[in-house]
1. Just checking, how many residues over region 114-129 are open to solvent by 10 Å² or more (accessible area, probe 1.4 Å) and in a strand (DSSP E or B)?
2. Any residue in region 72-87 that is within 12 Å of residue 52 (Cβ to Cβ) sitting within a Cβ distance under 8 Å of a residue that is among the polar types (S, T, N, Q) and open to solvent by 20 Å² or more (accessible area, probe 1.4 Å)? List the pairs, counting only those 6 or more apart or interchain.
3. Of the residues 25, 18, 14, which is of a type in the set (Asp, Glu) and at pLDDT 80 or above?
4. Which residues, counting only those in region 150-193, are open to solvent by less than 20 Å² (accessible area, probe 1.4 Å), small (Gly, Ala, Ser), more than 22 Å from residue 125 (Cα to Cα) and assigned to a helix (DSSP H, G or I)?
5. Quickly run through region 56-85 and pick out the residues that are open to solvent by less than 30 Å² (accessible area, probe 1.4 Å) and either more than 20 Å from the chain's Cα centre (by Cα) or not small (Gly, Ala, Ser) (or both).
6. Which of the residues that make up region 87-103 are open to solvent by less than 30 Å² (accessible area, probe 1.4 Å) and closer than 15 Å to residue 123 by Cα?
7. Condition check: touching a residue at least 60 places away in the same chain (Cβ under 8 Å) and at negative phi. Does residue 165 satisfy that?
8. So which residues in region 5-25 are open to solvent by 60 Å² or more (accessible area, probe 1.4 Å) and not charged (D, E, K, R)?
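The values are calculated or read from the model by the stated rules, or taken from the named source; none is laboratory data. Everything numeric in this text was worked out from a predicted model, so none of it was measured. Neighbour counts run over all protein chains shown; Cβ positions are idealised from the backbone, glycine included. With ligands, DNA and RNA removed, areas are computed over all heavy atoms of the protein, side chains included. Shrake-Rupley method; radii C 1.70, N 1.55, O 1.52, S 1.80 Å.
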Amino acid sequence: MLTLPPCVPRREAEDFLERHAGWLERALARQPEGVRVGHGVQLPVGGSLLEIVAAEGPRRAPRIEGGQLVLAGHGTAGPRIAAWLREQARAVLVPAAQAYAGTLGRKVQGVALRDTRSRWGSCSSTGRLSFSWRLAMAPPEVQDYVAAHEAAHLVEMNHGPRFWALVERLRPDHRAERAWLRDEGRRLHAFRFD
């Protein structure tokens, strides 16, 4: 599917696609195959792979037991696990961002969790932070880096040298986490929770 601004003629879009067909094919080939979340799927949680298994009993929140993500009760697994991952992300990212903001003498004005595709986090000029809840699947140090990165934006609303100096101060080892997001992050978007 191709989405166009209303003012762009269809022919112009088709010409663009023809000119960039090779690039588009290579980009699509790099995308991981989609995985629908359900019983038997190996899902990363906090950087560890857990097999989703069904359990007897009343419906309750998923729980981690012995390398498995146990889902009791009836209902579609995907939406239940997505809601649980949002809670996991909130439990880690909010306190980390608040702590880093405090280190910088700033205050977080609120936190939202979304299912964003283009960025792992953002910071508004009013001090509100937003994070992708899919970060709950990433290793803890990656989650912590993104919290530090967004907290640094409370001081510097750009990616200039002063911003990166703040990130370096908060997370001296941030380069490894940035590399992980660049190299592995798109795998987190391959999981479908419908």
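1. Total satisfying the criteria: 5.
2. Between residues of region 72-87 that are within 12 Å of residue 52 (Cβ to Cβ) and residues that are among the polar types (S, T, N, Q) and open to solvent by 20 Å² or more (accessible area, probe 1.4 Å), there is no close pair.
3. On the way: 25 fails: at pLDDT 80 or above; 14 fails: at pLDDT 80 or above.
Answer to the selection: 18.
4. Scanning region 150-193 gives a single hit, 185.
5. We begin by selecting, within region 56-85, every residue open to solvent by less than 30 Å² (accessible area, probe 1.4 Å); these are 62, 69-73, 77-78, 80-82, 84-85.
Answer for region 56-85, where residues must be open to solvent by less than 30 Å² (accessible area, probe 1.4 Å) and either more than 20 Å from the chain's Cα centre (by Cα) or not small (Gly, Ala, Ser) (or both): 62, 69, 70, 71, 72, 73, 80, 81, 84, 85.
6. The initial filter retains those residues of region 87-103 that are open to solvent by less than 30 Å² (accessible area, probe 1.4 Å), namely 89, 93-94, 96-97, 101.
Correct list: 93, 94, 96, 97, 101.
7. Spelling it out, it is not the case that residue 165 is touching a residue at least 60 places away in the same chain (Cβ under 8 Å) and at negative phi.
8. 5, 6, 7, 9, 16, 17, 20, 23, 24
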